[in-house]
Amino acid sequence: DTGVSQDPRHKITKRGQNVTFRCDPISEHNRLYWYRQTLGQGPEFLTYFQNEAQLEKSRLLSDRFSAERPKGSFSTLEIQRTEQGDSAMYLCASSLVNLRYTDTQYFGPGTRLTVL
Amino acid sequence: GNSVTQMEGPVTLSEEAFLTINCTYTATGYPSIFWYVQYPGEGLQLLLKATKADDKGSNKGFEATYRKETTSFHLEKGSVQVSDSAVYFCALRKGSGGSNYKLTFGKGTLLTVNP
């Protein structure tokens with residue numbers, strides 16, 4: 001078990017460009033979460049998946065943001081037409097949830113996005 | 001909605017001092033409560049948790065007790081080390097039975113421990 005991994009760790013882009021981040025959860029985990037953390041703040045929930053189904057999206061997730069988890073394993077988060085306000089750390093977490101047991105969310109190292 | 005209020009930082013202590021970081025929450029139902037720690041340049045790591053009232057979570061010398069009557073989950077450590085320097089986040093998760101297991105975080109408290 002190598003934990004949750006995210007790629008890339010850092011991304012610098014120009015305003016208006018599209019970016020895509022990848023998250024690989026812990027292998028047996030069926031839930032995957034995306035959070036955003038801005039400087040001096042705690043992480044804020046963006047969206048989550050149960051297997052391949054996206055079950056909830058925060059109002060923070062504008063139309064420029066899209067997330068997928070096509071086979072219920074890794075997930076991607078794409079931001080189209082990036083804005084300077086999108087600069088943040090994007091965190092991925094995963095957990096194992098079933099009818100009788102709700103596990104802890106384990107976080108990846110994050111992808112730091114800087115929009116110039 | 002759910003919210004978490006943490007003690008404002010930064011907190012600076014000398015090695016072996018006693019640490020308290022306050023955390024209070026507002027939530028419906030019976031949330032689970034967590035402390036996460038973020039070391040410089042790293043992701044969040046779970047430090048400890050409690051799932052019901054009067055539960056005490058403990059790990060690495062840190063402790064916190066879930067007090068439903070005061071809606072609090074204060075973090076304590078009797079003797080801090082330089083290696084404890086990090087940002088500490090209090091978080092809650094809506095209780096089981098709902099379809100939403102997202103975490104709601106406080107703003108974080110930066111702790112610096114000097115030798």
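Here are some notes:
- Restricting attention to chain B, close to 90% of DSSP beta bridges with both partner residues there are antiparallel.
- For the stretch B:1-111, the fraction of C-alpha pairs farther apart than 26 angstrom is 14 percent.
- Accessible surface of the protein assembly as shown, 1.4 Å probe, proportion on carbon and sulfur as whole %: 46
- Ellipsoid semi-axes for the stretch B:38-93, based on the Cα gyration tensor and the rule √(5λ), read 22, 13, 9 Å when sorted largest first.
- Bins of 10 Å, starting at 0 and running to the largest distance - Cα pair percent for the protein assembly as shown: 8, 32, 35, 20, 5, 0
- Cα gyration tensor, the stretch A:15-67 - rounded (a/c under 1.5), prolate or oblate: prolate
- For the stretch A:8-116, the relative contact order is 36 percent, taking Cα pairs closer than 8 Å that sit 6 or more residues apart in sequence and dividing their mean separation by the residue count.
- Interface between chains B and A: roughly 1600 Å² of accessible area buried, both sides summed (probe 1.4 Å, protein heavy atoms only).
- As a size descriptor, the averaged projected area of the C-alpha convex hull of the stretch A:46-108 was calculated at 4.9 nm².
- Counted residue by residue at 0.36 nm each, then reduced by the alpha carbon distance between them, the extension gain from A:K14 to A:E28 reaches 1.4 nm.
- Test item: Cα-centred dipole of the protein assembly as shown, Lys/Arg +1 and Asp/Glu -1 on Cβ, debye: 600
- For the stretch A:1-77 and the stretch B:62-81, distance of Cα centres in Å: 31
- Measuring r between the beta carbons of B:S79 and A:T76 and using R0 = 45 Å, the FRET efficiency lands at 0.50.
- Label-point gap, in nm, between B:E8 and A:L55 - each point 7 angstrom along Cα→Cβ: 3.8
- Residue separation of B:L46 and B:S58 scaled by 0.36 nm, minus their Cα-Cα distance, works out to 3.2 nm of gained length.
- Residues of chain A: accessible area per residue with a 1.4 Å probe, Å²: 52
- Overall, the anisotropy analysis places chain A in the prolate class: the square-rooted eigenvalues a ≥ b ≥ c of its C-alpha gyration tensor yield a/c not less than 1.5, with a/b exceeding b/c.
The values are calculated or read from the model by the stated rules, or taken from the named source; none is laboratory data. Since the model is a prediction, treat every value here as computed from it, not as a measurement. Neighbour counts run over all protein chains shown; Cβ positions are idealised from the backbone, glycine included. All accessible areas refer to the heavy atoms of the entire protein, side chains included, with ligands and DNA or RNA removed. Shrake-Rupley method; radii C 1.70, N 1.55, O 1.52, S 1.80 Å.
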